[in-house]
């Protein structure tokens, strides 16, 4: 019998409909994989086996009487940032100890309404702050990929490291993730999976633990471009509970897949060629350009002069918003409480013990840049630079560019506890150098695996699209996937 | 601009995070690394540029000013570390 956990969502959708197997069989196969692998990969922080089996049985009934939804019976993992009713939801922070929401996030509610099955909650960097999944209160996530001939543990990227690792190791068919500066696309690139951050406003933020509200967006991580299109279609919606959710119908993204890219204009920004970037990344980028050219797309050079300022502006805007959003964790309404001699002492003790170092750093930076006398010098200036970053993109679209092709990350996955990266917080931040521009401008961006480096680790390319033009990203992404093929790590985890 | 340890302690106080002397010293270095990095923005000419307040051009959605939700006090306090009669319990704040 075929290994059910190696199927894509598109395959399983057909197999379930044809009754080749049941959702319960599929779900049990994934639960078995999780049990074998999770102590090595640490991708899940909570496994909801009973709930998964009950959801699968309900799906089998619906599949049996022909009333199944678009994702009926498909087992998925959920990043711990999404509120799931009655189930562990802690943003992988100590400060949310024991938190079980009494409500469901809009994104996950949409998935369940379409018939998906929840396997459990996935590990992540604490409050989505990190690029290596090493800031989680629940420990590091390990990348299923290793360098050829090496046993060194590698990071899966972050913050959606659990989502990426679980998809790459077949511990779920697809996963929800979120992206504030690159948290979907960077881990996807590090694990040979596909990840899309849709346009700001496409997925509702209601019920998703907030990090930086003007940047946060939910999106899927999946094995293939088609699977990510299927998942995004279900996750996205117009939601009256989120005023930034945009009133536009969700298109059928899958319909774009397989359509020719002939005549599409692809912009190549020279500013994404960074000093000190490994030659392999440049080579991969050139390969991507050639593939799209061969498929009939028109390649044009474009200028994005403010690219290098996106990351420094981000490290003002995101911490500022985070310091405000995370003010709610006070030991009063939910989660951890550490006693003190009075109420202020209780707040200070709770937040000192409940937040990890990276979260504290960002809250302090955010508090500082918003404090009296510094607002104009930092926050206001960063928001003006943000206008210029967005204008770079607007000019490209005005000149007829349909999408922009860049590398997804400046390197392949690196080692756990890398001393150089941990010596200076800014070095870790540079991981997001190619992805953060997209959040600052609110645009959609997809990371697609495009090759392996010399040591056998996956590398990804990023496509950036016009607002609400995710369909074109899937269309072009499929061309890259077809040309590059798909990449599987050797199974060492069981 | 850079911060000294006293400023870090003041900011930590504003953020209601208790920091030890050692932590404040370590964080001073880390925060200065970040502030040094963002200083690059001084190179950018922002004369006459409006700050970005929304990435998507959309008029803020409005709704009827009506009560659409409520009567779930027990659910609201359900996750509280301490509650009584549907009130959150905190250390005494008035003498």
* **Ordering of A:44-50, B:22-28 by packing [mean C-beta count within 10 Å, highest first]** => A:44-50, B:22-28
* To do: Please identify which residues in region A:321-342 have an amide N closer than 13 Å to a label point set 7 Å out from the Cα of residue A:97, following the Cα→Cβ vector.
  => A:331-332, A:334-340
* In nm, to one decimal, how far is the residue A:375 label point from the residue A:18 one, both placed 7 Å along Cα→Cβ? -> 6.3
* To do: Determine one quarter of the surface area of the Cα convex hull of region A:270-419, which equals its mean projected area, and express it in nm² to one decimal.
  => 13.5
* Structure fact -> If the chain between residue B:58 and residue B:93 were fully extended at 0.36 nm per residue, the gain over the current Cα-Cα distance would be 8.3 nm
* To do: Would you compute the Debye intensity of region A:344-441 from its alpha-carbon atoms alone, equal scatterers and no solvent, and pass along log10 I(q)/I(0) at q = 0.14, 0.16 Å⁻¹ to two decimals?
  => -0.83, -0.99
* Whole-number D in µm²/s for the protein assembly as shown (Stokes-Einstein; Kirkwood sum over Cα pairs; 37 °C, 0.692 mPa s) -> 136
* How much of the DSSP beta bridge set in region A:1-158 is antiparallel, as a percent to the nearest 5? -> 45
* Structure fact -> Contour minus Cα-Cα span, residue A:53 to residue A:483, at 0.36 nm per residue, comes to 151.0 nm
* Asked: Which residues in region A:278-317 place their backbone N less than 20 Å from a point set 7 Å from the Cα of residue A:399 along the Cα-to-Cβ direction?
  -> A:286, A:289-290, A:292-293, A:297-310
* Give the calculated FRET efficiency between residue A:419 and residue B:7 to the nearest 0.05, with a Förster radius of 22 Å applied to their Cβ-Cβ distance. => 0.15
* To do: Distance between Cα centroids, region A:262-290 to region A:383-410: provide it in whole Å.
  => 15
* Asked: Residues in region A:465-490 near a label at residue A:293, defined as backbone nitrogen under 17 Å from the 7 Å Cα→Cβ point?
  -> A:480, A:483-484
* For chain A, what does -39500 (n - 2.57) per DSSP helix run (n ≥ 4), summed and divided by total residues, give at 222 nm, in deg cm²/dmol to the nearest 500? -> -11500 deg cm²/dmol
* **Volume per residue of the C-alpha convex hull in region B:1-59, rounded to whole Å³** => 142
* Taking the Cβ of each residue in A:208, A:224, B:53 as the centre, tally the other Cβ atoms inside 10 Å and list the residues starting with the fewest. => B:53, A:224, A:208
* **Stretch gain in nm, segment residue A:260-residue A:273, where the contour uses 0.36 nm per residue and the Cα spacing is subtracted** => 1.9 nm
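Each value in this text was obtained by applying a stated rule to the coordinates, not by laboratory testing. Remember, it's a predicted structure, so these values are computed and weren't measured experimentally. In this analysis, Cβ positions are derived from the backbone assuming ideal geometry, glycine residues included, and neighbour counts consider all displayed protein chains.
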